[in-house]
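The values are calculated or read from the model by the stated rules, or taken from the named source; none is laboratory data. Please read these numbers as outputs of a predicted model, since none were measured by experiment. Virtual Cβ from ideal backbone geometry, glycine too; neighbours counted across all protein chains shown. The protein model used for the area step is the full one, side chains on, heavy atoms only, and it has no ligands, DNA or RNA in it. Shrake-Rupley method; radii C 1.70, N 1.55, O 1.52, S 1.80 Å.
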Amino acid sequence: MDTVHISPKRLAWLRGELAAWEADGLIDGDAAAGIQARYAASRRFALERLALVLGAAFVGVGLLWTVAANYERLSPMARFAGIVVIWLVAVVAAELLASRFPGALPASVRVIAVAAAGGVVFQTAQSLHVPAGSPELLGAWAGGALAYAYATRGRAPLVVAVGLSVGWYAWWAAENAGSHGVVAVAMLVAAVFATAVALLHERWTPAFAAVWRPAGVLLALVGLYVAAFPDRDFRTTGALWTGAAVAVVLAAVSVWRSSARGEIAVMLGILGAGFLLTVWDPSGSMTSPSGAMLVRAVAGIVGYVLAAAWFAFLGTSKALPGVVPLAAGALVVFVTTQSFAIFAPLFSGAALFLVLGVVFLGTGVLAQRGRRLIMEVSR
């Protein structure tokens, strides 16, 4: 019998569950001991996975950088053939490794394959005289990465593909707007889209749902963070409305196919709140804020705290991996930066650091107590 190595935290959880099952009469002592004997605590594999993924990311960037650095020295055909060969070798190597050594190693090679595919896209565009600063190229790269992730059922390339897709949509939506508010709303639209996709994946591909849902949480928190800052140049674009329509339709489909109506409703509420913040442009300045600006700032802070608390509750009640740390970390960062903006004009030097330190410590204590309260309520 092979021993499965898992993190100490997961092993402690498993032991608690086994004890509860044995107490309820679901399994006997021998069965519990047999199940527990299959697992052992280990942190080594998490560190190896991190090293492999980081190594793959650096290799991928290095490949693209090497091609760019030697761009003028090579002929167009040599550049195209070279990057295509690298891409094909990475794809074949990843699948061969996946068939013999499933785990982090083939995942890291798949990340290299995704990076090399971007080189193929941009080199093809150069050969066809397509401008390099075009969001369509990033969109093509993202589409290919998504197709590759689903074809191989690999979570590592899916993580990269989701990042590329969000970058493409935000770029496309804000291309002619020149406004950080458009980027904020685009992220919130993408958050609704990612959450709906995660709910649709829960039944058929739970491993992919574990990628899409944290992406939706992160996008929602970052979008609200950006929307909290006033934007006097905000205006909607066709790309923004198109993305919103697709996200709403997909959200409706996910509600129809699953029972998570509350989760979708909250995400749509966050999208609406972020949109209202971006179009809310009160008079005044940062040095002499008006009453309307103060009300807007308070509304942004309250909305962000409520959103982070909701995600923390959701992650705790459903035991969603990565969601609770995202919500807690985002809340600490948001409160700290907002405190710096508020207290910087009032204090200076050591006094400023003392005040910010107290705020930071207080936020950490409140976040810790809130997490414990949520865990007690969700039981």
**OP:** Could you order 270, 301 so the one with the most accessible surface comes first? Probe is 1.4 Å.
**Re:** 301, 270
Original post:
Any idea of residue 152's accessible area? Nearest 10 Å², probe 1.4 Å.
Top reply: 30 Å²
Original post:
Hey, if we sort 180, 129 by accessible area with the 1.4 Å probe, largest down, what's the order?
Top reply: 129, 180
Subject >> Approximate spin-label separation residue 276-residue 299, in nm, with each point projected 7 Å along Cα-to-Cβ >> reply: 0.6 nm
Original post:
Using +1 on the beta carbon of Lys and Arg, -1 on that of Asp and Glu, and nothing else charged, what's the dipole of segment 193-310 about the Cα centre, debye to 20?
Top reply: 200 debye
**OP:** Using the heavy atoms of the protein chains and a 1.4 angstrom probe, tell me the accessible area per residue for segment 150-268 in square angstrom.
**Re:** 42 Å²
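In the neighborhood of residue 98, defined by Cβ-to-Cβ distances under 14 Å, what is the net charge if each Lys or Arg adds +1 and each Asp or Glu adds -1?
Values: positive: 100, 110, 153, 155; negative: 95.
Within the 14 Å Cβ shell, the charges total +3.
Roll a 1.4 angstrom probe over the protein heavy atoms and tell me the percent of accessible area of segment 218-331 that is carbon or sulfur. List each step's numbers first, then the result.
On the way: 4170 of 5550 Å².
Here carbon and sulfur together make up 75 percent of the probe-accessible area.
Tally Lys and Arg at +1 and Asp and Glu at -1 over the other residues with C-beta under 14 Å from the C-beta of residue 128: what net charge comes out?
On the way: positive: 79; negative: 136.
Result for the neighbourhood of residue 128: 0.
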Original post:
For residue 88 and residue 20 in the same chain, what is the full-extension length gain: residue separation times 0.36 nm, less their Cα-Cα distance, in nm?
Top reply: 19.5 nm
**OP:** Report residue 310's accessible area, 1.4 Å probe, all protein chains in place, as a number in Å² to the nearest 10.
**Re:** 70 Å²
Subject >> With all protein chains modelled, accessible area of residue 30 [1.4 Å, Å²] >> reply: 130 Å²
